Amino acid sequence: TYSSAADTVKERKRLTSAQIIILGFSGVILLGALLLTLPLSSRSGVFTPFEDALFTATSAVCVTGLVVRDTATYWSAFGQGVILFLIQIGGMGVITVAASFTILSGKKISLMQRNTMQEALSAPSLGGIVRLTGFAVKATLLFELLGAAALAPVFCRDFGAKGLWMALFHSVSAFCNAGFDLMGIREQFSSLTAYAAQPAVNVTVMLLIITGGIGFLTWDDLRTNRWHWRKYRMQTKVILTSTGLLLVVPAVYFFLREFAALPLNQRVWLSLFQAVTPRTAGFNTADLTTLSEPGGYITMALMLVGGAPGSTAGGMKTTTLAVLLATAAATFRRREDAAFFGRRVDADAVRNAATIFLMYIVLFFGGALAISMLEGLPMYLCLFETASAIGTVGLTLGVTP
C-alpha cells in the first residue's frame, strides 16, 4: 500500500507533455530575452530594456514577427543571430530540436519523450515518431538552404557580401513563417515592399511560406505515398484542399479589388503574395494601410485560420476551419455526422475544433477591446493587431512600434 501511494505521488509530480512543451518554450524565451538585453546585442552597445527584449524573444520563438525595434537597424549582428536562432527553435519546435540532439547523441528515447514529441508534432500516433522527427529536421534544413541559395543572387546584387547573411536570415524566417526581416536598412519596418514585383524574391518567399505552412506530416505523407491522391491520409487531403482554396480565393479578390489600379505585373505579384503571407508568415510587399476595410477583414480572417497542424505556421489551423464547415454542411443537409472524402469525422475532432474556434474568437475580440480601451486606438486597428498576434503572423498597421 505504501509503495502504491508513493508511485501515485510520483505520477502526480511528473510533468505532462503539454507542461513540458510550455516550460520548454518559456525557458527558451527567457534565455533569448536575457541575451538580447546585453549591450553586445544592440548596434549602439547599450543595454536593451528587458520588456523590449522579452517582446522580441517571444515574437521570435513563437514565430510571430511583431517587433517594437526594427530588426536591421537596432540589433547588432550578434542580436540578429540570437533572433534567428530563436526563430529556428520556434519554427521546428523546442521539443523537436531537443529530441534531435538526443537522437544524434545515440541515447535511447523514452516513452515519455516519445509522447512529448507526438504532442509537439501533432502526430496521429507514437509509431514512427522518432523517424518523423528526424525527417522534420532534415526537411527544414534542406528547404531553408535551398531558399537561401535562391535569394542569394538578388540580395548579393543589392547588398554585396552581406547579401549571403540576408538570404539565409530571410529564408529561415520565411520557412518558419516568422516574418522577421532585415530590410530596415533601406527604410525601417518596410519588410519586402522594395521587392513587390521582383519574381525571384516573391516566388522563393511564397514557396517557403507554403512549404513550412502545410506541415511535416503532410510532406511525410506526400513522400511516402509518391503523390498518389487515393493513398493519402484524410488529414493530408483536407490540408491540401483547404490550403489551395485559401490561396486562390483571396488572391482573386485582391487582384480584382485591392490592386486593380496597378500595372498588371505588379498587380499579379501583390495579389498572390497578399493571399499567402497572412497565413502566419508576416512579410508584406504591399502597404497594408492602403487596404480597404473589406480587404483588411479578409486579411484578419486568413491570419486567424493560419496553417496546418504540425507545421511552422500558427493560427487555429486549416483543419479546424474545415471541420467546422463540414459540420455546418452536415447540419444543413440534416446528416448526423460530418464527413470528408467519404470518411466520417470523429465527434472528438468536432468538439476540439469548436473549442479552439471559440478560444481564438474570445482572445481576438477580448485582446482588441483591451488594447482599444487602454491605448485609445480605433477598434479596427486593434482587431488587426490581435489577429496578427494570436495567429502568430506579424503583420501590423503600425500599432506595434
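The values are calculated or read from the model by the stated rules, or taken from the named source; none is laboratory data. Quick caveat: nothing in here was measured; it's all calculated off a predicted structure. Here the Cβ is made from the backbone with ideal geometry for all residues, glycine too, and neighbour counts use every protein chain on show. We work out accessible area using only protein heavy atoms, side chains counted, and drop any ligands, DNA or RNA first. Shrake-Rupley method; radii C 1.70, N 1.55, O 1.52, S 1.80 Å.
Taking the criterion of being more than 14 Å from Arg186 (Cβ to Cβ) and more than 22 Å from the chain's Cα centre (by Cα), the residues of the stretch 161-173 that qualify are Ala161, Leu164. Of the listed requirements (1) open to solvent by 10 Å² or more (accessible area, probe 1.4 Å); (2) over 22 Å from Cys176 (Cα atoms); (3) touching a residue at least 12 places away in the same chain (Cβ under 8 Å); (4) not basic (Lys, Arg), Ala260 misses just one: (3).
When every residue of the stretch 296-306 is checked against the conditions, at least one turns out to be among the β-branched types (Val, Ile, Thr), open to solvent by less than 10 Å² (accessible area, probe 1.4 Å) and under 25 Å from Tyr380 (Cβ atoms). Checked against the criteria, Thr396 does not count as polar (S, T, N, Q) and open to solvent by 60 Å² or more (accessible area, probe 1.4 Å).
Could you check, for the stretch 311-334, whether at least one of its residues is of a type in the set (D, E, K, R), farther than 23 Å from Gly65 by Cβ and in a loop (DSSP other than H, G, I, E, B)?
To start, the set of residues in the stretch 311-334 that are of a type in the set (D, E, K, R) comprises 317, 333-334.
The next check asks that each one be farther than 23 Å from Gly65 by Cβ; those that pass are 333-334.
Applying the additional criterion that residues be in a loop (DSSP other than H, G, I, E, B) yields 333-334.
Yes, the stretch 311-334 contains at least one residue that is of a type in the set (D, E, K, R), farther than 23 Å from Gly65 by Cβ and in a loop (DSSP other than H, G, I, E, B).
On the given criteria, is Trp219 part of a helix (DSSP H, G or I), closer than 30 Å to Gly398 by Cβ and open to solvent by 20 Å² or more (accessible area, probe 1.4 Å)? Walk me through it before giving the result.
Details: part of a helix (DSSP H, G or I): yes; closer than 30 Å to Gly398 by Cβ: no; open to solvent by 20 Å² or more (accessible area, probe 1.4 Å): yes.
No.
So, Met373, is that one touching a helix residue (DSSP H, G or I) at 6+ places or on another chain (Cβ under 6 Å), open to solvent by 30 Å² or more (accessible area, probe 1.4 Å) and without any contact (Cβ under 8 Å) to a residue 12 or more places away in the chain or not? Criteria not met by Met373.
Across the stretch 246-293, the qualifying residues are those that are among the β-branched types (Val, Ile, Thr) and part of a loop (DSSP other than H, G, I, E, B), and the one among them that is nearest to Met206 (Cα to Cα) is Thr277.
Residue pairs whose Cβ atoms lie under 9 Å apart, separated by 6 or more positions or on different chains, with the first residue in the stretch 28-47 and over 22 Å from Gly90 (Cβ atoms) and the second of a type in the set (A, V, I, L, M) and outside any helix (DSSP H, G or I), are Pro39/Val46; Phe47/Leu38. Taking the criterion of being assigned to a loop (DSSP other than H, G, I, E, B), touching a residue at least 40 places away in the same chain (Cβ under 8 Å), aliphatic (A, V, I, L, M) and surrounded by fewer than 18 Cβ atoms within 10 Å (Cβ to Cβ), would at least one residue in the stretch 166-179 satisfy it? No.
Residues of the stretch 343-370 that are open to solvent by less than 20 Å² (accessible area, probe 1.4 Å), modelled with pLDDT under 95 and part of a helix (DSSP H, G or I): Ala353 alone.
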